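To keep things clear, I will list the structure first and then write my remarks on it.
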Amino acid sequence: MKKSLVLFALALLVSICSPAFAQTPEQMGPPPVLLIVREDIKAGKMPAHSKHSAGYAAAFAKLQTSNHRIALVPVAGNENEVVYITGAGSFAELEKMQRDTDKTMSGVTGAMKAQLDRLNNEQPDLHSAMRDLLTVYRAELSFNPGVNIAQMRYFTITTVRIRPGHDAQYADYVRSIVNVARDKAKLDNYHVACFQAISGAPGGTYLFFRPMKSLAEMDQNVGAKVRAAMSDDMKKNADKTSADAVISSESATYAFDPSMSYVAKEMAAQDPGFWNPKPAPMPKPRKKTAKPAAPAPKP
């Protein structure tokens, strides 16, 4: 039971989902700790998985567990991947969240126990692989990170791998070149939160989360604007760091999926139409019209 809870009970980046982040929308910022769960779904199983995951979210909501989560589904990237993210004030808080959720769900009986047993038994047929990452927030490598996450609809996640021994060089590059150029380009509506993986990924793995209200924000062509805002020396240093320090950089874009997410009531209340969508009405059964009786045979 505990492993399944770790896989399905985790979620949220910049959130009021954790008590540690009970802030106003204007003050919200990334949590100190972020747990990321990536699930590879078997080909052709995404619709079944979505229903399966929504079943877990419904169970969490009914039991009022503490493991709030945002579920992300692919827009550009691996079409058979789902990501869950959870934020916490510390690893101790994250551990308590998991432990309390596990205790609650282990104690269920009756119909709820039957539902959870069914969901657990469905897992092997849906997943081909999964990976958990523990990460810590790097404020100095982030840019304008405070947003009202309840109003966001997408994350672009850029995963950067750094060569061993080059973390300090890369951090200085982001802080003194990239973020300085972003300021100069006046990217007021551009937000990035950086997290560094400390377990579950190769050393030197950094994840940059860009929240967006709409995919139209990608029309801003931020990369070109940042490059144009750099001086010649900054461009040379940026190119040198990319060549010396960076092994790889890959971006993928995900949409928030409210049916598979489980967020705090305070967060859902900021946009209930999105986070608490009403289920589609069941079609009314057609009234059966009685067939006219066959005429009696003539004598």
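Of all residue pairs spaced 6 or more apart or on separate chains, those with beta-carbon atoms under 7 Å, a first member in segment 112-126 that is under 9 Å from His52 (Cβ atoms) and touching a residue at least 24 places away in the same chain (Cβ under 8 Å) and a second member that is in a helix (DSSP H, G or I) and aromatic (Phe, Trp, Tyr) are Leu119/Tyr56.
Of all residues in segment 114-128, those being in a loop (DSSP other than H, G, I, E, B) and either at pLDDT below 95 or under 18 Å from the mean Cα position of the chain (by Cα) (or both) number 0. Restricting the search to segment 108-128, which residues are more than 20 Å from Val82 (Cβ to Cβ) and surrounded by fewer than 14 Cβ atoms within 10 Å (Cβ to Cβ)? Matches in segment 108-128: Thr109, Gly110, Ala111, Lys113, Ala114, Asp117. Taking Ala139, is it under 21 Å from the mean Cα position of the chain (by Cα), of a type in the set (A, V, I, L, M) and at pLDDT below 95? Here the answer is no, as Ala139 does not meet what is asked. Scanning segment 183-218 for residues that are of a type in the set (Asp, Glu) and either modelled with pLDDT under 95 or touching an Asp or Glu at 6+ places or on another chain (Cβ under 8 Å) (or both) returns a single hit, Asp188. Take the residues of segment 129-149 that are touching a Gly at 6+ places or on another chain (Cβ under 7 Å) and either outside any loop (DSSP other than H, G, I, E, B) or free of Cβ contacts under 8 Å to residues at least 40 places away in the same chain (or both): which is surrounded by the fewest Cβ atoms within 10 Å (Cβ to Cβ)? Of everything passing the filter in segment 129-149, Arg131 is surrounded by the fewest Cβ atoms within 10 Å (Cβ to Cβ). Here Tyr254 clears all of (1) surrounded by 15 or more Cβ atoms within 10 Å (Cβ to Cβ); (2) within 24 Å of Ser176 (Cβ to Cβ) except the condition numbered (2).
Given the options Arg161, Arg182, name the one that is over 21 Å from His68 (Cα atoms), among the basic types (Lys, Arg) and assigned to a helix (DSSP H, G or I). Among Arg161, Arg182, only Arg182 is over 21 Å from His68 (Cα atoms), among the basic types (Lys, Arg) and assigned to a helix (DSSP H, G or I). When every residue of segment 83-90 is checked against the conditions, at least one turns out to be surrounded by fewer than 19 Cβ atoms within 10 Å (Cβ to Cβ) and under 28 Å from Gln151 (Cβ atoms). Only a single criterion out of (1) within 17 Å of Tyr154 (Cα to Cα); (2) part of a strand (DSSP E or B); (3) of a type in the set (A, V, I, L, M) is not satisfied by Ala216, namely (2). Checked against the criterion of being over 26 Å from the mean Cα position of the chain (by Cα), without any contact (Cβ under 8 Å) to a residue 60 or more places away in the chain and surrounded by fewer than 20 Cβ atoms within 10 Å (Cβ to Cβ), segment 210-221 has no qualifying residue. Please enumerate the residues belonging to segment 85-113 that are hydroxyl-bearing (Ser, Thr, Tyr) and part of a helix (DSSP H, G or I). Scanning segment 85-113 gives Thr101, Thr104, Ser106. Of all residues in segment 180-202, none are loosely packed, with under 15 Cβ neighbours inside 10 Å, in contact with a helix residue (DSSP H, G or I) (Cβ under 9 Å, 6 or more places away or on another chain) and of a type in the set (Gly, Ala, Ser). The single residue among Met152, Met105 that is over 19 Å from the mean Cα position of the chain (by Cα) and either closer than 27 Å to Trp275 by Cβ or surrounded by fewer than 13 Cβ atoms within 10 Å (Cβ to Cβ) (or both) turns out to be Met105. Of all the listed residues (Ala71, Ala61, Ala9), the sole one being at pLDDT 95 or above and not charged (D, E, K, R) is Ala71.
The values are calculated or read from the model by the stated rules, or taken from the named source; none is laboratory data. Just so we're clear, the structure is a prediction, and the values are computed from it rather than from any experiment. Every residue, glycine among them, receives a Cβ derived from its backbone with ideal geometry; neighbour counts consider all protein chains shown.
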